[in-house]
1. Taking the condition of being within 24 Å of residue 47 (Cβ to Cβ) and assigned to a strand (DSSP E or B), how many residues in segment 221-262 meet it?
2. Which residue out of 371, 343, 326, 310 is modelled with pLDDT of 95 or more and on the phi < 0 side of the Ramachandran plot?
3. Could you figure out which of (1) without any contact (Cβ under 8 Å) to a residue 40 or more places away in the chain; (2) within 13 Å of residue 303 (Cβ to Cβ); (3) open to solvent by less than 50 Å² (accessible area, probe 1.4 Å) isn't true of residue 249?
4. Within segment 151-182, take every residue that is hydrophobic (A, V, I, L, M, F, W, C) and assigned to a loop (DSSP other than H, G, I, E, B) and give me the one that is most open to solvent (accessible area, probe 1.4 Å).
5. Considering every residue within segment 302-318, establish whether at least one is under 24 Å from residue 203 (Cα atoms) and more than 20 Å from the chain's Cα centre (by Cα).
6. So which of 111, 90 ends up being modelled with pLDDT of 80 or more and either within 26 Å of residue 336 (Cβ to Cβ) or loosely packed, with under 10 Cβ neighbours inside 10 Å (or both)?
7. What pairs come out if I take residues in segment 217-245 that are of a type in the set (Phe, Trp, Tyr) and pair them with residues that are open to solvent by less than 20 Å² (accessible area, probe 1.4 Å) and not in a helix (DSSP H, G or I) whose C-beta lies under 7 Å away, six or more apart or interchain?
8. I'm trying to understand the selection: among the residues of segment 23-65, which are hydroxyl-bearing (Ser, Thr, Tyr) and open to solvent by 30 Å² or more (accessible area, probe 1.4 Å)?
Amino acid sequence: QVYNLTQEFFQRGKPVNAESQNSVGVFTRDVVRKRVKADPDDTEAVKRLKLAMIQQYLKVESCESSSHSMDEVSLSEFGEWTEIPGAHHIIPCGFIKIVEILARSIPESVIQLRKPVKCIHWNQSVSKEIERVADHNSDLPEEDKGSDVFVECEDCEFIPADHVIVTVSLGVLKKRHESLFHPRLPEEKVMAIEKLGINTTDKIFLEFEEPFWSSECNSIQFVWEDEAESESLTYPEELWYKKICSFDVLYPPERYGHVLSGWICGEEALIMEKCDDETVAETCTEMLRKFTGNPNIPKPRRILRSSWGSNPNFRGSYSYTQVGSSGADVEKLAKPLPYAESSKTAPMQVMFSGEATHRKYYSTTHGAVLSGQREAARLIEMYQDLLQ
């Protein structure tokens with residue numbers, strides 16, 4: 001019901017009530033709480049349990065949106081996100097297999113790995129000093145020294161280019177955009193980077209010798225009754241585990257073993273990333289014992305965790321439309337540089353790809369792939385125009 005209401009706001013351009021602060025979280029608590037409290041058939045205890053379940057729902061949605069809280073997610077834009085059509089498929093060995101298959105047709109000589117980029121110099125902004133350093137690169141042809149774009153790497157190498165497609169995450173752009181581009185990005189693009197949101201959603205995989213759950217169990221959800229009336233789901237550092245919204249059972253066990261997959265998001269996910277495996281395993285085991293009422297649940301034999309937030313190459317999991325931002329900001333972020341009415345008058349030097357640059361499929365691999373195809377199509381069209 002809540003999702004349908006947010007879809008209605010987006011599709012009909014319905015004005016958002018001032019008290020909602022244009023926030024999915026505030027709107028949800030306001031609308032649903034009123035309905036729960038007004039139900040004459042429920043006892044006070046049942047009402048309190050339902051209110052606590054709303055908080056659980058908001059934690060799940062925060063993990064889905066990769067936001068610290070749904071209070072940060074724009075209500076008026078929430079309905080623009082589009083579910084990917086078709087069935088969901090599990091890829092054996094993970095997405096890396098897709099990368100490996102695609103890479104088979106690319107000569108190894110044209111791919112450089114572990115080559116951190118320090119700065120992208122665009123619009124013929126390479127200074128005389130940089131040109132002098134570039135002259136010492138023995139593999140730099142004479143005709144390339146006047147390139148519009150130079151990619152400066154951390155190892156001091158300068159790579160000339162006609163076009164650069166930037167695929168770093170929104171989290172990296174937020175942290176490094178001032179130093180990553182020279183000259184600096186236009187103010188419009190900087191504002192889009194600052195207004196759009198990105199945070200961390202992490203997974204915690206626990207592997208057990210034997211399942212302690214029944215064969216009918218798909219998920220273990222955590223509802224904290226003392227949070228029924230809470231306005232904020234932010235916790236002290238030592239209570240980070242209260243942000244874990246659930247543990248899903250991975251099926252089939254013949255493929256995965258006896259594994260639970262936990263979800264945690266926001267600032268609490270970053271705290272979890274700082275803990276050692278032993279602490280996280282112990283904390284999760286105690287939590288499972290508490291909520292199942294089974295004090296004999298053993299510690300997992302193995303634990304595996306993601307760490308998207310603290311990884312300097314990602315600084316977050318995926319993006320969302322933050323309160324105050326819109327799909328128009330996504331389009332501004334995706335706009336190639338330098339700005340021009342037509343690629344015929346100014347060839348595109350710096351282009352932007354990745355999930356945060358797709359207006360409908362942000363937060364998905366699908367969005368990243370489609371935005372990459374979009375930039376490739378732009379280059380193909382530009383060269384066709386030049387040949388004509």
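The values are calculated or read from the model by the stated rules, or taken from the named source; none is laboratory data. Worth saying up front: this structure is predicted, and the values here are computed from it rather than measured. Cβ placement follows ideal geometry from the backbone for every residue including glycine, while neighbour counts extend to all protein chains displayed. Accessible surface areas use protein heavy atoms only, side chains included; no ligands, DNA or RNA. Shrake-Rupley method; radii C 1.70, N 1.55, O 1.52, S 1.80 Å.
1. Matching residues across segment 221-262 total 2.
2. Values: 371 fails: modelled with pLDDT of 95 or more; 343 fails: modelled with pLDDT of 95 or more; 326 fails: modelled with pLDDT of 95 or more.
Among 371, 343, 326, 310, only 310 is modelled with pLDDT of 95 or more and on the phi < 0 side of the Ramachandran plot.
3. Failed condition: (2).
4. Taking segment 151-182 and keeping what is hydrophobic (A, V, I, L, M, F, W, C), we get 151, 153, 156, 158-159, 161, 164-166, 168, 170, 172-173, 180-181.
In the following step, the residues that additionally are assigned to a loop (DSSP other than H, G, I, E, B) were identified as 156, 168.
On the way: 156: 87, 168: 55 Å².
Ranking the qualifying residues of segment 151-182, first place goes to 156.
5. The answer is yes, given that some residue of segment 302-318 is under 24 Å from residue 203 (Cα atoms) and more than 20 Å from the chain's Cα centre (by Cα).
6. Details: 90 fails: modelled with pLDDT of 80 or more.
Just one listed residue meets the conditions, 111.
7. 222/244; 222/245; 222/246
8. Within segment 23-65, 43, 57 qualify.
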